[in-house]
Structure formats: structure tokens, C-alpha cells
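The values are calculated or read from the model by the stated rules, or taken from the named source; none is laboratory data. Nothing here was measured: the structure is a model prediction, and the numbers come from that model. Note that we place each Cβ from the backbone using ideal geometry, even for glycine, and neighbour counts take in every protein chain shown.
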């Protein structure tokens, strides 16, 4: 769960500008998927070194392109240890979550 300082940072103009500039730089594609030859739109700009209370005011962590990676929602979930969800459609058109 993000800390109050992290919430403040993620709502800052500096972060929003940095995030958009980084997305443009990498073509707004998931960098993890791209390494595997898949073209997937990125949804999240992820910090490689996580933002914490101790480093939230350090621009070399929070605003450096060297510490950022564009990822899709599925790759971001994998990064944080969540299992990606898979879906299928049954014979009558209902979406089913595959476990």
C-alpha cells in the first residue's frame, strides 16, 4: 500500500510529466512483452527501485528514466508476484476466469 508521501508524489506534476515523457520515449509499449516479441500497449510506468518513504524525495529514484519501465497490467502483476488472470468464453458467450 502506498504511503501518504508516495500518494503525494504520484499526484505531482513532476511525476505526471516524467511518466508521459517516458511513455513517449519508449513508444508506450510494454517493455517486457517487447523483449519476448509481443507488441502490447503499456498501461503502467513502473519504478524498478520502488518508491519508499526513504527515497520519495530523491529524483534519481523517482524521476530518472533509468529507474522506469513501461509495462502492461499483466506484466506489472507478475512483477509484484500476482498470478495473471486468464479468461475464456463458454459456448453461450459468458466470460469465465480460468484459475
### Task
Only residues in region 14-25 that are surrounded by 12 or more Cβ atoms within 10 Å (Cβ to Cβ) count as the first member; pair them with residues that are at pLDDT below 95 and part of a helix (DSSP H, G or I), Cβ under 7 angstrom, at least 6 apart or cross-chain, and list the lot.
15/9
### Query
Assuming residue 37 fulfils every condition listed in (1) surrounded by fewer than 14 Cβ atoms within 10 Å (Cβ to Cβ); (2) part of a helix (DSSP H, G or I); (3) without any contact (Cβ under 8 Å) to a residue 12 or more places away in the chain apart from one, which condition is it?
(2)
### Subset tally (residues that are closer than 16 Å to residue 69 by Cβ and not in a helix (DSSP H, G or I)) for region 1-34
4
### Task
Look through region 49-60, keep the residues that are in contact (Cβ under 8 Å) with a residue 12 or more places away in the chain and in contact with a helix residue (DSSP H, G or I) (Cβ under 6 Å, 6 or more places away or on another chain), and return whichever of them is farthest from residue 22 (Cα to Cα).
53
### Message
On the basis of being at pLDDT below 90, assigned to a helix (DSSP H, G or I) and farther than 20 Å from residue 17 by Cα, does residue 78 make the cut?
### Response
yes
### Message
Just to be sure before I move on: is residue 45 over 30 Å from residue 95 (Cα atoms) and either part of a helix (DSSP H, G or I) or touching a helix residue (DSSP H, G or I) at 6+ places or on another chain (Cβ under 6 Å) (or both) in the structure I sent?
### Response
no
### Message
Filter region 44-54 down to the residues that are surrounded by fewer than 18 Cβ atoms within 10 Å (Cβ to Cβ) and farther than 14 Å from residue 79 by Cα and list them by number.
### Response
52, 53, 54
